[in-house]
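The values are calculated or read from the model by the stated rules, or taken from the named source; none is laboratory data. Nothing here was measured: the structure is a model prediction, and the numbers come from that model. Cβ sites come from the backbone with ideal geometry, for glycine too, and all protein chains shown count toward neighbours. Calculation scope for accessible area: heavy atoms of the full protein, side chains included, ligands and nucleic acids excluded. Shrake-Rupley method; radii C 1.70, N 1.55, O 1.52, S 1.80 Å.
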Amino acid sequence: MNFLRFVRQRYLALLALTLFSFFSPLFTEAHTPPGQGVTFTVVVYDGTNNLPLELARVALYRGATFVKGKVTNPEGKAVFTDVVPGTYKMVVRAVACNDATDTIIIDKTHIFDSVTLSETTEQVTVSGTRDANITSVEPLTGNQVFESESYHAPPTARMTKLVQDNVLGAVRAPTGEVHIRGQHGEFTYYIDGAPIPLGVFGGLNEVVDPKVIERATFLTGGFPAEYGGQMAAVVDVQNRVPTGALHLDFSTYGGTYAPNGGKDTLMSPNRLLNMNGQSLSLSDHIGKLGWFISGSRQETDRRIDAPVSTIFHDHGFDYFLYGKADYLLSDKDFLTLNVNYGITNTQVPFDSLEVGGTNAPQAEDDQQYTTNAFQTLTYNRSISSESDHESNLMIATYAREGSLVYTPGGIDEPTIDTNKGNADVISEDRSFTTLGIRTKYDNRLSHEFMYAAGINLSTTTGREDFGPVDSTFGKQYSSVTGQHAITTYMGSDFGAFIESEIHPEEWTQIEVGVRYDQHIAPNVPMETQISPRVRWNFLLGENDNAYLYYGRMFMPTNIEGLSQLASNVGSAGSGTLTERDNFYEAVYTHSFDFGVHSKLAYFDKDATPGVDDQTIGSSAIKTPINIAEVHTQGLELGLSYSSQNTPFSGYLNTSLIHAYGTGALTGGFLAISNDGSATDLDHDQRLSVVASLDYQPTDWFANITGVYGSGLTNGNPSNQPYGTGLLDFNQFAHVTPSWIINLGGGHTFHLNGGATIAPSLYVGNILDHEHLLKGAYFSGASWEEPRNVILRVDVHI
């Protein structure tokens with residue numbers, strides 16, 4: 001890399017930040033200059049049982065301007081640091097509880113307050129005097145925050161849709177995946193502090209059902225040293241046990257993709273397209289124990305993103321169980337348990353690598369069965385709650401299980417070379433189990449200095465059977481010499497970190513950390529790396545914050561994702577190595593006094609090597625591959641709006657990102673090839689936009705969401721050379737750009753005894769825009785969902 005390119009890409013971020021800081025006074029309102037702040041603590045209690053209330057939102061306002069927001073910890077505490085002394089309006093909220101509002105004076109004589117919330121007799125409602133008090137863009141960190149109260153997704157939505165709808169730089173992808181910041185789905189969920197890596201894609205809710213999420217924080221940059229593994233993004237999920245006594249919720253829905261009565265040719269054979277589902281959940285508190293359990297089933301005639309506009313052989317079922325329990329051991333000790341199990345059984349409509357000759361897509365009858373499960377047990381101890389001397393310990397144990405069984409149809413045409421020149425039809429049977437532990441200890445020695453340290457250790461074992469099977473295609477075909485790859489595999493990941501937060505002046509804060517990682521996986525040598533990470537925060541005032549960031553990343557592929565597939569297909573066979581990145585970022589956030597919060601970010605990432613994956617058609621059979629070098633850069637702008645004075649809220653997420661690879665492609669299903677001087681990656685989409693507007697007065701909601709994409713790859717059929725600039729859209733190598741508009745609305749009716757019934761209606765792709773979501777490249781092609789209508793009814797007791 002020459003010197004000029006180094007300067008341009010690495011320090012463009014610094015130039016951008018300087019410009020933001022210089023011109024920000026031109027569009028910012030006057031605000032209180034930073035001064036000597038105080039630490040202010042609020043403790044929130046549940047009025048039903050007088051126990052500390054976790055995940056309550058505490059917000060401080062000066063007039064109509066949102067100043068700071070916190071969420072209570074297991075002790076029910078929200079701790080605000082560097083609060084400028086003065087008069088504030090404090091608003092405290094929790095789902096299914098009445099709000100508490102008070103005007104207070106915060107100074108050195110008033111640094112503690114307590115609030116008790118009583119359970120409301122209504123279900124969750126948001127009136128014109130209530131808003132998302134913890135904004136969707138955290139002003140200090142730049143992280144985006146999802147809160148369940150104002151999220152009204154259709155009942156068929158997957159967990160990954162929640163991520164795609166709410167995260168800057170996220171791109172819709174086939175088979176329910178989501179790409180973040182030009183990365184191919186490499187992100188990790190954290191459930192109550194326990195890391196849950198992605199399992200087998202294809203499950204409707206691979207981790208948790210979105211309706212049980214209380215709050216989720218999305219980290220796409222500025223990563224502290226405590227985070228490792230799959231790090232395109234970190235999704236920190238906090239689930240809840242509802243407050244109060246026994247609650248029962250039941251939901252059912254039905255819908256169709258042919259609302260015109262089946263007169264179109266959407267289905268083959270021609271008929272209405274069915275989708276339906278039911279869910280049931282229960283929760284209660286018994287002394288210091290709170291528990292929640294939910295189960296659901298879903299059925300649809302369109303389970304996998306089809307590669308053509310006509311839908312065929314795509315029926316599927318999903319079953320999902322989730323449970324959570326919280327137990328308060330003492331006023332300083334807290335236990336929380338999560339358990340999950342999901343099953344997906346679906347037909348596979350089309351496999352682009354198996355179609356040829358006289359074999360029609362409608363004739364295929366492949367079947368796919370996947371399972372995903374996890375269990376976590378997390379212990380939290382508040383060692384000290386003394387102001388500016390807090391210390392805490394977290395120990396999280398976790399298990400992750402998954403399996404994939406892919407059975408090809410008896411009439412598939414053999415086209416995959418597993419027999420050194422002879423074509424075969426393939427099958428897959430894979431299962432894995434991961435066991436792990438994560439710890440974190442943090443200790444604040446003073447207002448100016450805090451440190452944290454911890455480890456993460458996980459081991460993975462599994463078995464895979466991949467290879468040819470007998471198939472009938474016009475005549476009997478027998479793969480006599482083709483060999484199955486039957487592998488029993490195991491491996492481990494270990495990480496250790498230490499990080500510090502240094503706050504020498506009121507206007508600045510420096511976070512410095514270092515991480516050590518070790519990855520042991522089949523067919524590759526042991527890999528290690530020491531990764532420094534530095535973040536310099538600029539606290540420019542109550543309305544303005546910014547940071548510069550550099551991080552060295554070590555992103556090993558999940559061990560269960562590695563396989564022996566490549567050694568049994570063609571001449572490929574090298575193991576997939578860990579992705580190693582140099583990551584640079586500059587972020588500026590600004591909060592306007594009229595309720596708009598903004599985030600502007602630039603990032604640049606160089607990976608040597610990078611990681612992608614290859615997939616067989618529309619199935620979940622995939623294996624990671626290495627690309628010699630991957631270069632990614634992007635600009636992002638996020639805006640969110642909420643106000644106490646109106647029932648309207650909304651957000652706009654826009655990103656301009658380019659991810660391209662150069663050099664050799666190794667591993668995978670196909671023979672070793674080369675990306676040459678530059679090739680857009682299969683998950684590269686230059687321009688992505690999500691815009692959403694909510695209207696949510698008491699007992700009503702209406703939502704419209706638009707999703708724009710400039711198009712994923714189509715494999716460059718014209719074989720034109722790629723441009724590598726951020727504005728080189730290379731549309732010749734991408735599918736047609738598209739807008740998709742989705743609508744939703746509903747009303748809550750109150751019955752005797754506090755029960756409610758809430759019907760709602762959802763219309764997806766209301767303009768019925770037909771287009772390819774992605775062309776055939778590294779995986780099968782995928783067609784956009786046609787217009788669909790869903791009616792849901794929720795009952796709460």
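All of (1) touching a residue at least 60 places away in the same chain (Cβ under 8 Å); (2) within 27 Å of the chain's Cα centre (by Cα); (3) open to solvent by 20 Å² or more (accessible area, probe 1.4 Å) hold for Tyr722 with one exception: (2). Among the residues of this structure, Leu55 counts as one that is open to solvent by less than 30 Å² (accessible area, probe 1.4 Å), farther than 22 Å from Ser591 by Cβ, under 31 Å from the mean Cα position of the chain (by Cα) and modelled with pLDDT under 80.
Among the residues of segment 318-355, those that are open to solvent by less than 20 Å² (accessible area, probe 1.4 Å) and modelled with pLDDT under 60 comprise Asp351, Glu354. For segment 275-309, taking the residues that are surrounded by 16 or more Cβ atoms within 10 Å (Cβ to Cβ) and over 28 Å from the mean Cα position of the chain (by Cα), the one that is farthest from Ile343 (Cα to Cα) is identified as His285. The single condition among (1) at pLDDT 80 or above; (2) surrounded by fewer than 21 Cβ atoms within 10 Å (Cβ to Cβ); (3) within 31 Å of the chain's Cα centre (by Cα) that Thr65 does not satisfy is (1).
Set side by side, the residues Gly715, Gly709 differ, and just one is modelled with pLDDT of 90 or more and not aliphatic (A, V, I, L, M), which is Gly709. Being open to solvent by 20 Å² or more (accessible area, probe 1.4 Å), of a type in the set (Lys, Arg), at pLDDT below 85 and under 21 Å from the mean Cα position of the chain (by Cα) is a description that applies to Arg240. Taken over segment 519-561, the residue count meeting the criterion of being hydrophobic (A, V, I, L, M, F, W, C) and closer than 23 Å to Asp613 by Cβ is 8. Do you know which residues across segment 97-108 are within 34 Å of the chain's Cα centre (by Cα) and open to solvent by 50 Å² or more (accessible area, probe 1.4 Å)? Asn98, Asp99, Thr101 - these are the residues of segment 97-108 that are within 34 Å of the chain's Cα centre (by Cα) and open to solvent by 50 Å² or more (accessible area, probe 1.4 Å). Between Thr698, Thr724, the distinction of being part of a loop (DSSP other than H, G, I, E, B) and in contact with a strand residue (DSSP E or B) (Cβ under 7 Å, 6 or more places away or on another chain) belongs to Thr724 only.
Would you please name the residue that is modelled with the highest pLDDT, looking only at residues in segment 571-587 that are open to solvent by 10 Å² or more (accessible area, probe 1.4 Å) and in contact with a Leu (Cβ under 9 Å, 6 or more places away or on another chain)? The extreme case among them is Tyr584. Within segment 68-96, the set of residues being assigned to a strand (DSSP E or B) and crowded, with 23+ Cβ neighbours inside 10 Å comprises Ala78, Val92, Arg93. For Thr736, the criteria (1) open to solvent by 70 Å² or more (accessible area, probe 1.4 Å); (2) within 30 Å of Ile797 (Cβ to Cβ); (3) within 28 Å of the chain's Cα centre (by Cα) hold in every case but one, which is (2).
Kindly provide the set of residues from segment 633-662 that are over 22 Å from the mean Cα position of the chain (by Cα), surrounded by fewer than 24 Cβ atoms within 10 Å (Cβ to Cβ) and modelled with pLDDT of 90 or more, ordered by number. Scanning segment 633-662 gives a single hit, Thr662. Scanning segment 443-475 for residues that are surrounded by fewer than 20 Cβ atoms within 10 Å (Cβ to Cβ), at pLDDT 85 or above and either within 25 Å of Thr407 (Cβ to Cβ) or aromatic (Phe, Trp, Tyr) (or both) returns Phe449, Tyr451, Thr461, Arg463. For segment 476-511, the set of residues classified as within 22 Å of Met526 (Cα to Cα) and either open to solvent by 70 Å² or more (accessible area, probe 1.4 Å) or at pLDDT 90 or above (or both) consists of Thr488, Met490, Gly491, Ser492, Asp493, Phe494, Gly495, Ala496, Phe497, listed by residue number. The set of residues in segment 406-442 being among the hydrophobic types (A, V, I, L, M, F, W, C) and either at pLDDT below 80 or surrounded by fewer than 17 Cβ atoms within 10 Å (Cβ to Cβ) (or both) consists of Ile411, Ile416, Ala423, Val425, Ile426, Leu435, Ile437.
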